[in-house]
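For reference, the structure discussed in these notes is given below.
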Amino acid sequence: MGADFDKPSVLRPNGHSQIYSDPRNEGVNLKLYKLESKPMETKYGLPPNVAFCRKCVISNQRPNSAVEYKHTADSKKTVIAFDDDGVCDACRNAARKHAAIDWERRRAELVVLCDKHRSRNGSYDCLVPGSGGKDSFYQSWMLKYEFGMNPLTCTWAPHIYTEWGWRNFNRWIHSGFDNYLLTPNGRVKRLMTRLAVENLFHPFQPFIIGQKGFAPGFAAKMDIPLVFYGENEAEYGNPIADNDSAKRDFAYFSMVADDEIFLGGVSVADLVQRFGVRKADLAAYMPTDPNILSGKNIEVHYLGYYLKWHPQSAYYFASEHGGFEASPERTPGTYSKYNSVDDRIDDLHYYTTYVKFGIGRTSYDAAQEIRSGDIERAEGVALVKRYDGEFPERFADELLNYLSLPPEIYPEASKQFVDPIMDRAYFDALANRFRSPHLWAYDDGAWRLRRTVFQEN
């Protein structure tokens, strides 16, 4: 395990440069992780007492969506809310979706919105961002063939396509859609991903930034005032009140002053001055000025506000109408094959959420399917016990290589690391720095969660 002390992985002064230490040479303070340790340190502003929803399997440690441009190592999380009956916001939202919403009225509202924006000359009248997965296929197909719109689709490229993800992307296009694919500078994206792992333990952040920010800015450039995303984040745990509006909050994708912008947990100024990144190479990641969006009357809507969203039905729909292909194997860390299968780094992303929040991919998948009525809670609990927290071995070597910064490719950035090359031992040691003592115990030579949903059941 290394030494019995704790040194966080942050930029530290060293002469005229700053260096990321090697986590393999600096252990964590194991005294904080003893089973009997009380009171226990709580990282990220998480609730100190772990609780599990009585309806699904999600815990109260589940973080809500955040503005990624402000995400640093010191950020505190807001988390999913539980009511007095121990039921999470996502389950309450699902109950309301199934019983209290007049979906015919909502559909009529969508017709009115489409009629307002529908092109009379055959030009594009709405923009649908997506990867070619089940949800983006369903969105674009419904808007074009059911509601008579002329959607343009756009895609922020994954880190590393899976073979089936790339095939699904092409099937999406060939089912009848024009598409603009933005593939940002590969070296910069790779660097930013390493920094996001080192600072935030968040390998998916560069993709999330593009996923949220690319489409609204692109809509402004193309003079297409109507943008459709899929389901609201309230479906998965953001505050229920967020689902009272069809529109997405501009704060997720727009901002003015770039001296307040952080990418991979590093300021734009440091990326340029210390890591050798040209400012032009960061243009794709920059948020759009909200004044530009307002001036062009850009509206960003959730299609899931108007149409009752069911992810499993979207999968069957995309398979039937476009030949959507599920993963040929179970996704590591879960039991499913059709959710978020286009990016290889997705596997690693959900492992990091397990380390930071005690919530792995099975917990997310099972909670969603319980709310949708696809499985019972008891089955979800059993699936969590079997698969949650499984390390994603299938792409591990490729992903660790992707997270490495060879000096011949990164002459400036590599100098900021004691060891710019990441192997499994480095990654595991880094992971330990991000474990919150209130979640994790180190017992008998192994890490284990202090509380789990299956132990409570």
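The values are calculated or read from the model by the stated rules, or taken from the named source; none is laboratory data. Just so we're clear, the structure is a prediction, and the values are computed from it rather than from any experiment. When we count neighbours, we look across all protein chains shown, and the Cβ atoms used for this are built from the backbone with ideal geometry, even at glycine. Side chains are part of the model used for accessible areas, which takes the heavy atoms of the whole protein and leaves out ligands, DNA and RNA. Shrake-Rupley method; radii C 1.70, N 1.55, O 1.52, S 1.80 Å.
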Percent of accessible area on the stretch 372-442 owned by carbon and sulfur, 1.4 Å probe?
-> 49
DSSP beta bridges in the stretch 202-310, what fraction antiparallel, as a percent rounded to 5?
-> 40
Cα gyration tensor shape of the stretch 31-96, rounded if a/c is under 1.5, else prolate or oblate by comparing a/b with b/c | oblate
Gain in span if fully extended, Y316 to D84, counting 0.36 nm per residue against the direct Cα distance = 79.9 nm
Near K296, which aspartates and glutamates are there with a Cα under 17 Å away, not counting those fewer than 8 places off in the same chain?
-> D125, D223, D249
Over the stretch 265-311, what percent of the accessible surface lies on carbon and sulfur atoms, probe 1.4 Å?
-> 46
Which value, to two decimals, describes the C-alpha radius of gyration of the chain once divided by 2.2 N^0.38 Å?
-> 0.98
What is the local net charge at C56, summed over the other residues whose Cβ is closer than 10 Å to its Cβ (Lys, Arg +1; Asp, Glu -1)?
-> +3
Accessible solvent surface per residue of the stretch 356-440, calculated while the other protein chains remain in place, 1.4 angstrom probe, Å² | 37
D for the stretch 115-232, whole µm²/s, Stokes-Einstein with Kirkwood Rh over alpha-carbon pairs at 10 °C and 1.306 mPa s: what number?
-> 105
With every protein chain present, what is the per residue accessible area of the stretch 108-255 (1.4 Å probe, Å²)?
-> 34
Pairwise centroid distance, computed over Cα atoms, of the stretch 397-457 with the stretch 137-158, Å | 38
Quick one: of K97/K144; K144/K247; K70/K97, which pairs are farther than 23 Å apart, Cα to Cα?
-> K97/K144; K70/K97
Rounded, prolate or oblate: which fits the stretch 81-157, taking a ≥ b ≥ c as square roots of the Cα gyration tensor eigenvalues, rounded meaning a/c under 1.5, else prolate when a/b beats b/c?
-> oblate
Filter the cross-link list K189/K221; K43/K77; K55/K356; K116/K308 down to pairs whose alpha-carbon distance in this structure exceeds 19 Å.
-> K189/K221; K55/K356; K116/K308
For the stretch 345-353, in order, what is each residue's ³J(HN,Hα) by Karplus, 6.51 cos²θ - 1.76 cosθ + 1.60 with θ = phi - 60°, in whole Hz (x at glycine and Pro)?
-> 6, 3, 4, 6, 4, 6, 5, 5, 5
Inter-site label distance for H174 and D74 at 7 Å from Cα along Cβ, in nm = 5.2
For the stretch 40-60 and the stretch 295-343, compute the distance between their C-alpha centroids and round to whole Å.
-> 28
Please report, in Å, the Rg and the Dmax of the stretch 351-457, where both are computed over Cα atoms only.
-> 17.5, 53
